[in-house]
Amino acid sequence: MKPWEDKIRRVVPYVPGEQPKGQGIIKLNTNENPYPPAPGVRKALEELRTEELRKYPDPTVKTLAGCLADYYKVEPDQVFVGVGSDDVLAMAFLAFFNSEKPILFPDISYSFYKVWAELFGIPYETAPLDEAFLIRPEDYYRENGGVIFPNPNAPTGLLMDLKQVEDVLAHNQDVIVIVDEAYIDFGGKSALELLEKYENLLVVQTFSKARSMAGMRIGFAVGSRELIRILQDVKYSFNSYTMNLPSLVLGVEAVRDDAYFRETIGRIVDTREKAKERLKRLGFSFPDSMSNFIFASHEKASASELFEALKGQGIYVRYFNQPRLENYLRITIGTDEEMEKLFSFLECYLKDMA
Ligand SMILES: *Cc1c(COP(=O)(O)O)cnc(C)c1O
């Protein structure tokens, strides 16, 4: 052992989905939006002057935060913006989870939660999802140092109704409760409306999924003024300029075009509902997703085998080699054409198997 080895922090990092490059690849593995960002985003990008990159961007992110505040009908000082919701969530872990008691989150959930807890030395316990992959609110009644869960959950796609979210909040008024709403725009009701009642609630959303801007890295949190101020203090103790200028400018354009936002979501939801029918006919079963992906298991073919077979065709889906998940594929909803290619391959493949 080298003398410095016991004095350094070692972490097991989160492993993101592959980002394969190449022609004809169908990428259904990281829940990106298959449609381009709003037309105004493209125009603003073309008009961006490199001269403006000479200066530091606005550390207070005033314009984008103000635009989000207007959109979600909250005050500008109730909005915190970060480099994707991963950045926002990491800062929220650092700021709000500072108890000796364990924080709680579901055992099957966004796997980054465990990574941040370990990175920051936050004690944690996981609460098992039930047989149907549902979060049980009662599991969060016990004493804890904070609570976090995605709604809809990933990788199951299952939505908790707002009554249940409020039930968790009502039982946890002494700690911070974070609801990670990365997929809420695909069919759920946001916990934003509970903010007036619970000042310990932080709602986190992202531009990466429904707003088609994973490449820009924009995420945000909405909460009480006090929570947002605390998050800002952490950010300014870390890096004042987390948000680059293009993200700030283009983010505003994405929020401005609500019609486009609604339209692309509508298309994805429509494709998702058709995909459910098709997958059922092919012998798949899955929790009833309210997100932009379906977590599906086949009655005969193993998920690992299907994953490899699909990859051989240039069709990338996500496979988690973990207990309880090892027979599922998480399939992002692509365009109708992309989904058609997936289904026609599966049709042939599964027929040959029979
Ligand atoms: C995608 C995702 C995020 C992170 O998204 P960013 O690209 O960092 O904004 C956070 N939570 C969940 C549950 C996600 O699926």
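Of note:
- The lone criterion from (1) surrounded by 10 or more Cβ atoms within 10 Å (Cβ to Cβ); (2) not in a helix (DSSP H, G or I) left unmet by Lys2 is number (1).
- Search result, residues across region 26-36 that are away from the ligand (no atom under 16 Å from the Cβ) and surrounded by 15 or more Cβ atoms within 10 Å (Cβ to Cβ): Ile26, Tyr35
- Residues being under 19 Å from Thr30 (Cα atoms), in a helix (DSSP H, G or I), within 12 Å of the ligand (Cβ to nearest atom) and touching a strand residue (DSSP E or B) at 6+ places or on another chain (Cβ under 9 Å) are entirely absent from region 187-207.
- Matching residues in region 41-60 - criterion: being among the polar types (S, T, N, Q) and part of a helix (DSSP H, G or I): Thr50
- Matching residues in region 139-156 - criterion: being within 22 Å of Phe295 (Cβ to Cβ) and either under 11 Å from the mean Cα position of the chain (by Cα) or acidic (Asp, Glu) (or both): Asp139, Phe149, Pro150, Asn151, Pro152, Asn153, Ala154, Pro155
- Residues of region 187-209 that are of a type outside the set (D, E, K, R) and buried (at least 23 other Cβ atoms within 10 Å of the Cβ): Ala191, Leu201, Leu202, Val203, Val204, Gln205, Thr206, Phe207.
- Criterion applied to Ser240, Ser247 was being of a type in the set (S, T, N, Q) and either farther than 30 Å from Glu47 by Cβ or at pLDDT 95 or above (or both), and the one residue passing it is Ser247.
- Failed item, numbered, when Cys67 is tested on (1) touching a strand residue (DSSP E or B) at 6+ places or on another chain (Cβ under 7 Å); (2) under 27 Å from Met213 (Cα atoms): (1)
- Subset of region 79-97 (residues that are near the ligand (Cβ under 8 Å from one of its atoms), crowded, with 24+ Cβ neighbours inside 10 Å and hydrophobic (A, V, I, L, M, F, W, C)): Val88, Leu89
- Restricting attention to region 4-51 and to residues that are more than 21 Å from the chain's Cα centre (by Cα) and basic (Lys, Arg), the residue that is nearest to Asn244 (Cα to Cα) turns out to be Arg49.
- Contact map, region 61-89: first residue among the charged types (D, E, K, R), second residue within 16 Å of the ligand (Cβ to nearest atom) and assigned to a strand (DSSP E or B), Cβ cut-off under 9 Å, separation 6 or more or different chains; pairs are Asp86/Thr206; Asp86/Gly219; Asp87/Gly219.
- Any hit, region 295-307, residues being part of a helix (DSSP H, G or I), buried (at least 17 other Cβ atoms within 10 Å of the Cβ) and out of contact with any His (no Cβ under 9 Å at 6 or more places or on another chain): yes
- Of all residues in region 208-225 being more than 10 Å from the ligand (Cβ to nearest atom) and in a loop (DSSP other than H, G, I, E, B), the one that is farthest from Gly266 (Cα to Cα): Ser224
- Checked against (1) more than 17 Å from Thr30 (Cβ to Cβ); (2) at pLDDT below 95, Phe320 passes all but condition (1).
- Condition broken by Lys274, with the remaining ones in (1) modelled with pLDDT under 95; (2) over 24 Å from Gly84 (Cβ atoms) satisfied: (1)
The values are calculated or read from the model by the stated rules, or taken from the named source; none is laboratory data. As the structure is a prediction and not an experimental result, all values here were calculated from the model. We place every Cβ from the backbone using ideal geometry, glycine too, and count neighbours over all the protein chains shown.
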